[in-house]
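Trainee: Supplied in structure tokens, the structure appears directly below.
The values are calculated or read from the model by the stated rules, or taken from the named source; none is laboratory data. This is a predicted model, so every value here is computed, not measured. Counting neighbours? That spans all protein chains shown, and the Cβs are built from the backbone with ideal geometry, glycine included.
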Amino acid sequence: MKIFWRTRTSRTIRELGGEFWAEIEQRISEEEADWKTREKLADILMGVLARHAGKLIENDKDLPVEPLGAYGESERVSGVARTVTVLLPRGEQRRGEFRIWEEVPDNAHLVQLQLRFADRQLTASDEDLFEALSTIRKEIEAEGIRLVCYGCSRNVFPSPMSRSMGTGERAYRLELGKPARAADLVSIFDTGPGVDPVVLAEQEQFYHAWLQSLGSGLDEPSSSGDG
């Protein structure tokens with residue numbers, strides 16, 4: 001199939017299929033469509049292109065289709081979306097969504113985090129994502145609201161090194177008396193059976209208790225194990 005571009009005069013159907021798949025992965029979450037559905041959608045798009053192989057594809061002059069931005073552009077503009085369960089004061093659960101930016105548009109040294117649930121939207125910018133999450137938590141936890149994710153779990157906390165060397169998106173699952181290992185790293189936006197949602201003060205108390213339980217104050221992964 002011949003498609004004319006400024007920098008290249010043709011693309012193969014498989015090449016465009018890869019581009020379709022990359023955009024689908026970025027723009028359609030697993031909650032909106034599972035992996036098999038997204039794969040089938042990409043196959044259908046390639047099948048339609050194959051039907052017209054060898055023809056010149058032109059945009060409609062009267063009703064043109066708006067081109068997507070460069071790959072990754074939508075993520076930069078709208079942020080990476082992650083779902084989260086929100087626990088309300090009376091025990092009700094609501095579906096929430098994080099929006100994550102690893103760079104603030106007007107300040108590349110800061111990250112930005114946004115929490116959306118019900119009709120609310122809270123945004124925080126800081127030096128790392130864990131700190132931005134903490135800022136949002138302080139506001140909603142004062143109202144009795146909790147978030148079900150590792151970043152808000154009693155026994156999860158990032159080390160100073162993991163925060164200084166990254167965006168603060170990963171933290172350690174901690175166990176009293178045992179040094180943290182690389183295998184204990186989790187995304188603060190993920191959830192799992194061991195998540196115990198608490199307020200920030202309780203989480204910090206556990207972290208300090210864990211440090212004291214080690215005696216030496218070690219707060220980095222052990223050299224043993226699979227770290």
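Trainee: Given the structure, is G79 at pLDDT below 85 and in contact with a Lys or Arg (Cβ under 6 Å, 6 or more places away or on another chain)?
Mentor: Working: at pLDDT below 85: yes; in contact with a Lys or Arg (Cβ under 6 Å, 6 or more places away or on another chain): yes.
It is true that G79 is at pLDDT below 85 and in contact with a Lys or Arg (Cβ under 6 Å, 6 or more places away or on another chain).
Trainee: Would you list the strands (runs of 3 or more DSSP E) that sit entirely within region 98-193 and hold 3 or more residues that are closer than 19 Å to G79 by Cα?
Mentor: Answer list for region 98-193: 111-117, 120-126.
Trainee: Related question: Anything in region 191-215 that is in contact with a strand residue (DSSP E or B) (Cβ under 7 Å, 6 or more places away or on another chain) and in contact (Cβ under 8 Å) with a residue 60 or more places away in the chain? List them, or say none.
Mentor: T191, P197
So that you can scan it fast, the table gives a plain yes or no per residue for (1) surrounded by 13 or more Cβ atoms within 10 Å (Cβ to Cβ); (2) modelled with pLDDT under 75:
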| site | (1), (2) |
| --- | --- |
| R11 | yes, yes |
| L16 | yes, no |
| A22 | yes, yes |
| A33 | yes, no |
| A42 | yes, no |
| R51 | no, no |
| I57 | no, no |
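Trainee: Any residue at all in region 90-97 that's modelled with pLDDT under 95, part of a strand (DSSP E or B) and crowded, with 17+ Cβ neighbours inside 10 Å?
Mentor: Yes, region 90-97 contains a residue that is modelled with pLDDT under 95, part of a strand (DSSP E or B) and crowded, with 17+ Cβ neighbours inside 10 Å.
Trainee: Follow-up question, since we're still on this one. Check D106 against each of (1) in contact with a Cys (Cβ under 6 Å, 6 or more places away or on another chain); (2) without any contact (Cβ under 8 Å) to a residue 12 or more places away in the chain and name the one condition it does not meet.
Mentor: (1)
Conditions (1) among the basic types (K, R); (2) farther than 28 Å from G91 by Cα; (3) out of contact with any helix residue (DSSP H, G or I) (no Cβ under 7 Å at 6 or more places or on another chain); (4) in the same structural domain as F98 (by TED's automatic domain parsing), marked per residue:
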| position | (1), (2), (3), (4) |
| --- | --- |
| V148 | no, no, yes, yes |
| E169 | no, no, no, yes |
| P179 | no, yes, no, yes |
| A183 | no, yes, yes, yes |
| D190 | no, no, no, yes |
